[in-house]
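Novice: Got a structure here, written out as structure tokens. Questions coming.
Readers should treat all values here as calculations from the given coordinates under stated rules, not as data from a laboratory. Computed from a prediction, not measured in an experiment: that's the story for all the values here. Quick reminder, even Gly has a Cβ in these numbers, built from the backbone with ideal geometry, and neighbours come from all protein chains shown.
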Amino acid sequence: MTDINITKRVNRIRRQVRGRAKISGTAERPRVTVFKSNTSVYVQAIDDVSGTTVAAVNDAHLKVKGAKSVRATTAGEKLAELLKVKGVTTVVFDKAGFKYHGRIKAVAEALRAAGITL
């Protein structure tokens, strides 16, 4: 008998690996990856060539009240501010094996609204 949560996690990681094989971030166009846990959203911009994180945001540290999607939107806006300070205007969006809806979509739309090209 298999545990359904383990199966779900393994399937998400398989989707993540397939997507990661097709996209890569550079210094001029970093890869923005989103991870969602049950309580928080973690968003970071990564330069895969040098293996460094350009900017990172966690919605738990933003001290924003509201629904999870509202906090995800705020995290996307904050990341866009950090990227603009560093002179980045275009990014590659990595949804990390998650479906493009809910909090993942909220982060992407917030980045677009702030002027970052995905």
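Novice: So the check is Cβ under 8 Å with 6+ separation or different chains; which pairs have a first residue in region 74-86 that's closer than 15 Å to Y42 by Cβ and a second one that's of a type in the set (D, E, K, R) and buried (at least 24 other Cβ atoms within 10 Å of the Cβ)?
Specialist: T74/D59; A75/D59
Novice: Pick from region 18-27 the residues that are in contact (Cβ under 8 Å) with a residue 12 or more places away in the chain and among the aliphatic types (A, V, I, L, M): which of them is surrounded by the most Cβ atoms within 10 Å (Cβ to Cβ)?
Specialist: Filtering region 18-27 for residues that are in contact (Cβ under 8 Å) with a residue 12 or more places away in the chain and among the aliphatic types (A, V, I, L, M), the one surrounded by the most Cβ atoms within 10 Å (Cβ to Cβ) comes out as A27.
Novice: In addition: Within region 30-45, take every residue that is within 13 Å of the chain's Cα centre (by Cα) and without any contact (Cβ under 8 Å) to a residue 40 or more places away in the chain and give me the one that is surrounded by the most Cβ atoms within 10 Å (Cβ to Cβ). Please lay out each step first, then the result.
Specialist: Applying the first criterion (within 13 Å of the chain's Cα centre (by Cα)) to region 30-45 yields 30-37, 40-45.
Imposing the further condition that a residue be without any contact (Cβ under 8 Å) to a residue 40 or more places away in the chain reduces the set to 37, 40, 42, 44.
Details: S37: 9, S40: 17, Y42: 17, Q44: 19.
Here the answer is Q44.
Novice: Going by what's in this entry, would A55 be described as buried (at least 16 other Cβ atoms within 10 Å of the Cβ) and more than 24 Å from R9 (Cα to Cα)?
Specialist: Yes; evaluated as a whole, the condition is true for this residue.
Novice: Additional query: Quick check on region 11-32. Is at least one of its residues under 18 Å from A106 (Cα atoms) and in contact with a strand residue (DSSP E or B) (Cβ under 7 Å, 6 or more places away or on another chain)? Write out each step before concluding.
Specialist: Kept after step one, since they are under 18 Å from A106 (Cα atoms), are these residues of region 11-32: 31-32.
Then keep just the ones that are in contact with a strand residue (DSSP E or B) (Cβ under 7 Å, 6 or more places away or on another chain); that gives 31-32.
Scanning region 11-32 turns up at least one residue that is under 18 Å from A106 (Cα atoms) and in contact with a strand residue (DSSP E or B) (Cβ under 7 Å, 6 or more places away or on another chain).
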